[in-house]
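Taking it in order: structure first as structure tokens, then the write-up.
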Amino acid sequence: MKFNWIISGANNAETKKACIDLEYRLRPKITRFLMDRLDTDDFSNFSCFYFDVDIKNQWVWISEKTPKDYIESIKEEFDREINGSSFFSVA
């Protein structure tokens, strides 16, 4: 699983810390989400999943780098489950 951080404004130490803190909260939530919805026997890890994280607008979405069949199978529930959370309280 890889995160692409979309940062508008200064990319300073405070922003980097916020990204690290946010990743530590997002990664287990997204992993659980994927495990609950996908047949995990099809792959040994989640390295084919890419996520774009917009710090300013406080939004996470599935990157187009993720295989299309995976995007299609999770996109409807993803926004509700992941973006409906309060992960951005540090941003």
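The values are calculated or read from the model by the stated rules, or taken from the named source; none is laboratory data. Since the structure is predicted, the reported quantities are computational estimates derived from the model, not experimental observations. Cβ placement follows ideal geometry from the backbone for every residue including glycine, while neighbour counts extend to all protein chains displayed.
Things worth noting here:
- Test for TYR70: is it surrounded by 15 or more Cβ atoms within 10 Å (Cβ to Cβ), touching a residue at least 24 places away in the same chain (Cβ under 8 Å) and touching a Lys or Arg at 6+ places or on another chain (Cβ under 6 Å): no
- The lone exception for PHE49 - which of (1) touching a Ser or Thr at 6+ places or on another chain (Cβ under 6 Å); (2) among the hydrophobic types (A, V, I, L, M, F, W, C); (3) over 20 Å from GLU76 (Cβ atoms) it fails: (3)
- Residue match in the range 42-60 (condition: at negative phi, free of Cβ contacts under 8 Å to residues at least 60 places away in the same chain and part of a helix (DSSP H, G or I)): yes
- Looking across the range 18-71, the residues that are modelled with pLDDT of 90 or more and basic (Lys, Arg) come down to ARG27, LYS29, ARG32, LYS65, LYS68.
- Failed condition for PHE33, given (1) touching a residue at least 60 places away in the same chain (Cβ under 8 Å); (2) closer than 13 Å to PHE78 by Cβ: (1)
- Filtered residue count, the range 1-14, keeping only those that are part of a helix (DSSP H, G or I) and buried (at least 16 other Cβ atoms within 10 Å of the Cβ): 0
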